[in-house]
4 protein chains.
Amino acid sequence: LKHTYGLIGSDGRLGAEVKSLFTENCWQLTLEVNKEFERLDSAPQVIIDCSLPEVFNKTMEFAEQYGSALVVATTGLSNENLEQLKLYAQKHPVVQSYNYSIGIQVLLKVIKEIKEITNGWDIEISETHHRFKKDRPSGTALMIKDELGLTDVNISSLRLGNVAGVHTVSFGGLGEVLSVTHEATSRRTFAEGIFKAAQFVINKKSGFYGFKEALFN
Amino acid sequence: LKHTYGLIGSDGRLGAEVKSLFTENCWQLTLEVNKEFERLDSAPQVIIDCSLPEVFNKTMEFAEQYGSALVVATTGLSNENLEQLKLYAQKHPVVQSYNYSIGIQVLLKVIKEIKEITNGWDIEISETHHRFKKDRPSGTALMIKDELGLTDVNISSLRLGNVAGVHTVSFGGLGEVLSVTHEATSRRTFAEGIFKAAQFVINKKSGFYGFKEALFN
Amino acid sequence: LKHTYGLIGSDGRLGAEVKSLFTENCWQLTLEVNKEFERLDSAPQVIIDCSLPEVFNKTMEFAEQYGSALVVATTGLSNENLEQLKLYAQKHPVVQSYNYSIGIQVLLKVIKEIKEITNGWDIEISETHHRFKKDRPSGTALMIKDELGLTDVNISSLRLGNVAGVHTVSFGGLGEVLSVTHEATSRRTFAEGIFKAAQFVINKKSGFYGFKEALFN
Amino acid sequence: LKHTYGLIGSDGRLGAEVKSLFTENCWQLTLEVNKEFERLDSAPQVIIDCSLPEVFNKTMEFAEQYGSALVVATTGLSNENLEQLKLYAQKHPVVQSYNYSIGIQVLLKVIKEIKEITNGWDIEISETHHRFKKDRPSGTALMIKDELGLTDVNISSLRLGNVAGVHTVSFGGLGEVLSVTHEATSRRTFAEGIFKAAQFVINKKSGFYGFKEALFN
């Protein structure tokens, strides 16, 4: 029996990747919402929201109507939206995250372990992005810093051409350097993360989860 | 109260590094053996062997006489030597390894975790060493392959100038690449690994341990 | 006064990039040919062909009619096609290449210089591409080998996820390593190369040029 | 017939490397000066000074006595010392530099060329050194900045373990990144540069040269 899913925002760049990946994996799309149309065949096991905060209410209406699990990838949710999700999560399973990249989650996990073992080594964070990026350091670099529990660490920010995003964390002891590097090459990675979250959430009864928990359960 | 240690082979390149590092950390050298002399002040808590298989018997004699813990860094031990060590380990704690590099152990640990999480991604191993290295791929690259449980994986071997040793393991998904790189810069790293092993072993009652267990206990 | 250009294949992926870049630089599109329509406002100074061998004859017809300069980026041209181009080049200026990446041309230029100066150092070539690439080593890696005049050089080929293309040439002496790395991040680079070729070719009277000559004239 | 050379400072770390390399290449050491002794067999073709400013006068005395060519690698020379050298260079050939690394010179040469060709691309300089290095950015990074004629360029400085020294210059266009990286692995590289300077200078009649001219003559 095929798994069924609904997709809110199937016409966006991420939504299109999600649709393509779930189809490859033989999941059946039984609810589809985009700017052009709404289509409903049957109640989906899980609803994926790759849309905008403006249509978040529609996502919640569908979820409540069918009691579906939820994977929410929308960015810029209000606190009110998050409260709504947590309320829903008391009876149904929900995964919510602003970043479904698998590699960044794996990087965060292993650098924490490396830091513990290499206690006393130097730590350097560096990130490279396209020239149009305005914030420096990147949000992910700051997330790395927080995850390592560091208040005083050097972060090098490079801006080059249209580089999608590279993050490196290096640990230097006297006699060796150990580095972990993540390089983004396309948005397909986010679709894969969402797929992992969907596989995780359909087997849960209820609860509000981050992507990290879905990935490393 | 200071920790006390004995050092077999204090005049070798590694032995000299060990002596310097233990001194920095205020450990007291109460037994010293090298090509020039033997000096004994008092029974050491732990004996470090950075010497050659030829003098292994001397190491064992001292150990048995004082009931010291052992950290053995000698390479090229015979099976008979190892049996002797295991016998001794029934009553005393022993750490034995052919490679006390902390970074390589950490690399081995995290790449196993990454492989599990990124199931289905491509894996590439590459190593760079000096032009005089005769074996290819390097022993460490083969150790990486074994640790990952891979029978069929591509290993790229580069030979450049007098590079001390670089190993990279890369994991490639559709949309991202995650890499872990270890670069050796000097033999100080091995002294640090031996120091960690000594710290570990003096708190044990008995048992035969590898460096990995000493590092991640 | 604006420069004018014609574009054959304006609806392809590369054609669309070319159109966008030339527009940014205020060149005027006076001839446009694609699968949907043909549009002609006036004779263009230069005609860019980003199309397929199948429509090469149309490109030549337009060129002969207006006496335009030519920049040909079509791959898979027949020897007959190339002869036609060379004939045309006796009276008009033509640039033809299968690869308009600026960075690769620059890499080829500097590695030759480095090789001459570092005579006797070790040389290693490595390349990383997506898992779907069937040939190994890559055509560009072979081009590097030829450019360096090497018959016996190690080429390491890595296949990871959907990496667009990375090439590294390393030179190792006793005491140092010098490396040059080119990484492709998008097809925009080819549009930029074509733009440089167009700027070059409109100032020539006649002649058959490669992209290298257009870039380094 | 063997080439002959003199060596001032044969007991220093660099001096020892120089002696070893020249011996490998069958040059004959006919004048040797160090802290322990002075030894003179015959007038050397070229005198290498790997010593300290304090003994610079002795170097000049030997040079004037035998009319030898000079390769001066001493750092911290006074303006007066340099004037003395330039005066001597009116009649004899002299090479003087504070850095005889071949790779850094080659890097400086090729990045200038790359900058000219990739006009408009982003430029990033980064350098990694051991944790004990106090100045940031490194002198070599500043030399790179000057050589590129840049007043406003981002330099990232990383401090990790006991890394000997890595410098990277990256050029980023829309669609590609081209990087040149130099990594020092031992002081042998400086001995090789001095050897190249000696080979150059013994064929000159007179003149004051930098290492760059000796390398790229």
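Measuring from the axis that maps chain B onto chain C, the chain B residue with the nearest beta carbon and its rounded distance in angstrom come out as B:Ser156, 2.
How much net charge surrounds D:Arg131 when only the other residues with a Cβ under 9 Å from the Cβ of D:Arg131 are counted, with Lys and Arg +1 and Asp and Glu -1?
Neighbourhood net charge equals +1.
So for the pair A:Glu83, C:Ser206, with labels modelled 7 Å out along Cα→Cβ, what separation do we get in nm? That separation, rounded to one decimal, is 8.1 nm.
The convex hull defined by the C-alpha atoms of the stretch A:85-155 has an orientation-averaged projected area of 7.0 nm². Just the protein heavy atoms count here, and of the accessible area of the protein assembly as shown at 1.4 Å, carbon and sulfur take up 47 percent.
Modelled label positions at A:Val55 and D:Gln199, each set 7 Å beyond Cα in the direction of Cβ, lie 6.9 nm from each other. Annotation for A:Arg13, label-to-label distances across the other copies: 1.5, 5.0, 5.2 nm (shortest first, one decimal, point 7 Å from Cα along Cα→Cβ). Listed by chain and number, the aspartates and glutamates whose C-alpha is less than 18 Å from the C-alpha of B:Lys115, apart from same-chain residues fewer than 8 away, are A:Glu113, A:Glu183, A:Glu192, A:Glu213, B:Glu124, B:Asp146, B:Glu147, B:Asp152, B:Glu176. Taken along the Cα-to-beta-carbon direction at a fixed 7 Å, the label points for D:Asn25 and C:Thr75 span 4.5 nm. Per 10 Å bin, what is the whole-percent P(r) computed from every C-alpha pair distance within the stretch A:37-127? For the stretch A:37-127, the pair-distance distribution reads 13, 37, 22, 16, 9, 2. Position D:Asn99: other-copy label points at 3.1, 3.4, 3.5 nm, ordered by increasing distance, label point 7 Å along Cα→C-beta. Helix content alone sets the calculated 222 nm mean residue ellipticity of chain D: runs of n ≥ 4 DSSP H residues at -39500 (n - 2.57) each, divided across all residues, give -11000 deg cm²/dmol. Rolling a 1.4 Å probe across the protein heavy atoms gives chain D an accessible surface of 44 Å² per residue.
Using a 1.4 Å probe and counting only protein heavy atoms, how much accessible surface gets buried when B and C come together, both sides summed, in Å² to the nearest 100?
Interface between B and C: roughly 1700 Å².
At q = 0.21, 0.24 Å⁻¹ the log10 of I(q)/I(0) for the stretch D:1-66 amounts to -0.80, -1.04, computed by Debye summation with a single uniform scatterer per C-alpha, solvent ignored.
Coupling constants for the stretch C:92-104 follow from the phi torsions by the Karplus curve (6.51 cos²θ - 1.76 cosθ + 1.60, θ = phi - 60°), and in residue order they are 9, x, 9, 10, 9, 7, 8, 8, 9, 6, 5, x, 5 Hz; glycine and proline get x.
Sorted shortest first, the distances from the B:Glu116 label point to those of the same residue in the other copies are 1.3, 5.6, 5.7 nm; each point sits 7 Å from Cα along Cα-to-Cβ.
Averaged over the residues of D:109-117, the number of partner chain Cβ atoms lying within 10 Å of the residue Cβ comes to 4. If you average the C-alpha positions of the stretch A:34-85 and of the stretch D:27-95 separately, how far apart do those two centres end up, in angstrom? Between the Cα centres of the stretch A:34-85 and the stretch D:27-95 lies a distance of 81 Å. Could you calculate, for chain B, the ratio of the Cα radius of gyration to the Kirkwood radius, expressed as Rg to Rh? Value, to two decimals: 1.02.
Our summary of shape: the Cα atoms of the stretch D:123-182 have principal axis extents of 37, 22, 15 Å, ordered from largest down, in whole angstrom.
For the peptides A:130-140, C:38-48, C:134-144, the ranking by mean Cβ contacts within 10 Å, running from highest to lowest, is C:38-48, C:134-144, A:130-140. If you split all Cα-Cα distances of the stretch B:98-217 into 5 Å bins from zero, what percentages do you get per bin, shortest first? Bins of 5 Å from zero give 2, 10, 20, 19, 18, 14, 10, 5, 2, 0 percent of pairs. Counting only residues at least eight positions apart within a chain, or on another chain, the lysines with an alpha carbon under 30 Å from that of A:Lys86 are A:Lys2, A:Lys19, A:Lys35, A:Lys58, A:Lys109, A:Lys112, A:Lys145, A:Lys196, A:Lys204, A:Lys205, A:Lys212. The mean count of C-beta atoms from other chains within 10 Å of the C-beta of residues in B:128-136, rounded to a whole number, is 2. On alpha carbon coordinates alone, what is the Rg over Rh value for the protein assembly as shown, Rh being the Kirkwood radius? Radius of gyration relative to Kirkwood radius: 1.03.
Note on B:181-191: average number of Cβ atoms from other chains within 10 Å of each residue's Cβ is 6.
The values are calculated or read from the model by the stated rules, or taken from the named source; none is laboratory data. This one's a predicted model, so the numbers in the text were calculated from it and none came from an experiment. Ideal geometry is used to build each Cβ from the backbone, glycine not excepted, and the neighbour counts take in all protein chains shown. Side chains included, ligands, DNA and RNA excluded: accessible areas come from the protein's heavy atoms. Shrake-Rupley method; radii C 1.70, N 1.55, O 1.52, S 1.80 Å.
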